[in-house]
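J.: I have a structure here, written as structure tokens, and I will follow up with some questions on it.
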Amino acid sequence: MIEVVVVGAGMTKFGENWESSFRQMIADAAIKALVDSGLAGEKIEAIYGGCMASGRFIGQEHIGALIADQLGLNPIPSTRCEAACASGGVALRSGYLAVKSGEHDIVAVGGVEKMTDVSTEDASFALGGAGDQETELFHGATFPSLYALLARRHMIEYGTTEEQMAMVAVKNHKNAANNPNAQFQSEVTLEEVMNSGYVAEPIKVLDCSPVTDGAAAVILCSKEKAEALGMKYIEMAASEQASDTISLAARKSLTELRATMEAARKAYKKAGITQEDVDFAEVHDCFTIAEILAIEDLGFFKKGEGGIATEKGLTALNGKIPINPSGGLKGKGHPVGATGVAQAVEAFNQLMGRAEKRQVKNAEIGLTHNVGGSGATAIVSIFKKAGVKK
Amino acid sequence: MTVSAPMNWRRIPERYRLKGSYCETCGKAFFPGRVVCPNCRRKGKLKEQDMPRAGKIFSYTKVHVGPTGFSHETPYFIALIELENKAKVLSQIIDSEEEKIQVGAKVELAFRKVGKDDKYGAINYAYKFKVIE
Ligand SMILES: [Zn+2]
């Protein structure tokens with residue numbers, strides 16, 4: 001059985017990168033990952049690139065070819081992966097499968113989005129494409145409004161409060177302030193979040209992840225090859241994906257994301273662990289309610305107890321299960337196609353023990369969780385420090 | 001977004017009178033109609049059916065920041081409505097007193113303009129719902 005490892009990781013700073021273009025950012029991130037791995041570019045056998053909406057954001061499609069071209073890596077195969085905000089996660093999983101299958105020994109996985117070249121209104125419209133155009137966007141539903149419908153049900157069924165949601169933002173900003181690549185380098189107070197004005201009730205401005213430019217990349221390799229070449233690595237023990245209905249109206253429940261639950265169940269099984277073994281998780285907090293749903297659906301807390309767990313500090317950097325030590329989408333920023341790969345970059349940095357001020361102590365197993373749209377796609381991947389047995 | 005005339009025309013039964021489908025095998029109703037019953041797949045037997053025109057609010061939100069084409073209408077209400085046959089539909093809630101827009105509130109079908117095509121000026125109409133006593 002071929003085992004997959006991560007041998008290098010890199011990312012651009014996330015933020016409003018006005019000075020940097022789409023192609024510059026993906027090249028920067030990929031070069032950082034390659035240099036980190038110590039490999040020369042000609043060792044790369046294939047590229048998988050996550051990108052959600054470059055057609056709407058910069059008028060450019062055919063991203064796979066563009067990335068290979070910009071990296072000077074022609075003629076190797078280069079494929080774009082798209083699953084809305086889970087595009088990066090799908091690219092990561094595609095690279096994982098390519099190595100796992102034995103077809104390739106070493107592949108590069110990237111994710112990129114350039115969102116600030118269009119107006120905020122146009123960016124919202126582009127992001128809306130992650131939902132159901134015909135039955136949601138057509139009627140004036142925005143992405144925050146879809147998550148607001150989820151939040152309302154969570155509040156009604158479990159008593160989750162707007163303050164508890166706001167506490168997710170406070171925590172993730174605090175973590176982001178310790179991440180030099182994060183978009184937000186400052187903390188926010190509970191009062192600031194609560195007073196930040198509604199976007200779609202009960203979701204406020206500071207419950208939302210920002211519009212962000214950025215790129216991230218990791219280099220995946222077979223364990224055998226990594227050991228033969230004497231490279232440092234972390235193990236990639238599982239990468240599972242699941243699907244759900246694209247529209248919220250067709251869901252059985254609005255208080256869980258079934259794609260997350262299914263991907264998590266399969267990932268734990270494949271990695272031979274339970275949720276109890278996970279030392280930290282990078283979860284998809286596109287809105288604060290999404291983190292509450294995620295920590296329940298991943299099994300860290302019982303359904304309905306995600307809000308209270310956040311309030312008790314159980315998800316803080318020094319808590320029972322640190323969630324989003326990088327700052328998450330909320331604090332680090334959310335360049336949609338890059339997010340799923342940036343989560344793997346954080347997992348790499350944490351498990352290599354080089355996350356500096358945001359280092360999770362004694363971290364041996366990390367989980368990443370990337371969601372597309374309002375939950376129609378979810379990818380859960382599990383990483384282990386080299387040599388961890390569990 | 002610019003929506004073509006054929007697309008608007010194609011959607012008229014769905015958007016003007018809530019045409020959906022139901023599966024004769026499992027009895028589940030779907031809105032919009034589907035080609036395949038996700039429960040029964042090949043064993044399913046889908047028939048066209050207009051949805052009931054009444055239901056109740058399952059979840060709702062007051063939208064303060066609207067997308068392209070809707071920003072002049074803010075704030076407005078978006079709700080997930082559970083129809084009497086249990087099918088759910090996402091729609092705007094209009095012509096209702098704000099304090100009556102609550103989870104569980106009874107609503108009925110209305111018919112309204114839903115924005116204007118930005119390029120050719122075609123006016124889109126579709127279902128919306130309003131709270132009834
Ligand atoms: Zn059926």
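The values are calculated or read from the model by the stated rules, or taken from the named source; none is laboratory data. Keep in mind that what you see is a predicted model, and the values were worked out from it rather than measured. When we count neighbours, we look across all protein chains shown, and the Cβ atoms used for this are built from the backbone with ideal geometry, even at glycine. Areas reflect the complete protein model, heavy atoms only, side chains present, ligands, DNA and RNA absent. Shrake-Rupley method; radii C 1.70, N 1.55, O 1.52, S 1.80 Å.
J.: Please compute P(r) over all alpha-carbon pairs of region A:236-380, binned at 10 Å starting from zero, and give each bin as a whole-number percent.
T.: Histogramming region A:236-380 at 10 Å steps yields 12, 46, 36, 5, 0 percent.
J.: Which entries of B:Lys45/B:Lys128; A:Lys361/A:Lys384; A:Lys223/A:Lys390; A:Lys204/A:Lys252; A:Lys204/B:Lys116 show an alpha-carbon separation above 20 angstrom in the structure shown?
T.: Pairs exceeding 20 Å: B:Lys45/B:Lys128; A:Lys204/A:Lys252; A:Lys204/B:Lys116.
J.: Now for a different question. Arrange the peptides A:197-203, B:107-113 so that the one whose residues have, on average, the most other Cβ atoms within 10 Å appears first.
T.: A:197-203, B:107-113
J.: How much length is gained on full extension from A:Lys389 to A:Leu229, taking 0.36 nm per residue of separation minus their Cα-Cα distance?
T.: 55.4 nm
J.: Would you kindly derive the ³J(HN,Hα) couplings of region A:105-121 from the backbone phi angles with the Karplus curve 6.51 cos²θ - 1.76 cosθ + 1.60 (θ = phi - 60°), listing them in order in whole Hz, with x for Gly and Pro?
T.: With the stated coefficients, region A:105-121 comes to 8, 9, 10, 9, 10, x, x, 7, 8, 10, 9, 9, 7, 10, 5, 4, 5 Hz.
J.: Per residue of B:71-77, how many C-beta atoms from partner chains lie within 10 Å of its own C-beta, taken as a mean?
T.: Rounded to a whole number, the mean comes out at 2.
J.: Determine the shielding of peptide A:265-271 by partner chains: average, over its residues, the number of Cβ atoms on other chains within 10 angstrom of each Cβ.
T.: Per residue, the average neighbour count from other chains is 0.
J.: Placing unit charges on C-beta atoms (Lys and Arg positive, Asp and Glu negative, everything else neutral), compute the dipole magnitude of region B:53-133 about its Cα centre in debye, rounded to 20.
T.: For this selection, approximately 240 debye.
J.: Which whole number gives the average, over all residues in A:142-149, of C-beta atoms from other chains lying within 10 Å of the residue C-beta?
T.: 6
J.: Per the helix-only calculation at 222 nm, which mean residue ellipticity applies to chain A, given -39500 (n - 2.57) for every DSSP H run of n ≥ 4 and division by its residues, nearest 500 deg cm²/dmol?
T.: That calculation yields -11000 deg cm²/dmol at 222 nm.
J.: Where a ≥ b ≥ c are the square roots of the eigenvalues of the C-alpha gyration tensor, would you call chain B rounded, which needs a/c under 1.5, or, failing that, prolate if a/b is larger than b/c, or oblate?
T.: oblate
J.: Separate question: Step through the residues of region B:9-24 one at a time and calculate ³J(HN,Hα) from phi using the Karplus curve (6.51 cos²θ - 1.76 cosθ + 1.60, θ = phi - 60°), rounding each to whole Hz and writing x for Gly and Pro.
T.: Working through the residues one at a time gives 4, 4, 8, 4, x, 5, 7, 8, 9, 6, 6, x, 8, 9, 9, 5 Hz.
J.: Counting only Cα atoms, I'd like the Rg/Rh figure for region B:1-67, Kirkwood definition for Rh.
T.: 1.08
J.: To the nearest whole percent, what portion of all C-alpha pairs in the protein assembly as shown is separated by more than 30 angstrom?
T.: Roughly 47 percent, once rounded to a whole number.
J.: Carbon and sulfur: what percent of region B:53-133's accessible surface (1.4 Å probe)?
T.: The nonpolar share, carbon plus sulfur, comes to 50 percent.
J.: If you consider only alpha-carbon coordinates, what radius of gyration and Dmax does region A:232-303 have, in Å?
T.: According to the Cα coordinates of region A:232-303, Rg and Dmax are 13.1, 47 Å.
J.: Rounded if a/c is under 1.5, else prolate if a/b is larger than b/c, else oblate: which is region A:168-213, with a ≥ b ≥ c the root eigenvalues of its Cα gyration tensor?
T.: The shape class here is oblate.
J.: Accessible area of A:His334, 1.4 Å probe, to the nearest 10 Å²?
T.: A:His334 has an accessible surface of roughly 10 Å² with all protein chains in place.
J.: Taking the mean number of other Cβ atoms within 10 Å as a proxy for protection, how do you rank A:255-266, B:48-59, B:92-103 from highest to lowest?
T.: A:255-266, B:48-59, B:92-103
J.: Could you state how much accessible area is buried at the A-B interface, both sides summed, with a 1.4 Å probe, in Å² to the nearest 100?
T.: Chains A and B together bury approximately 2800 Å².
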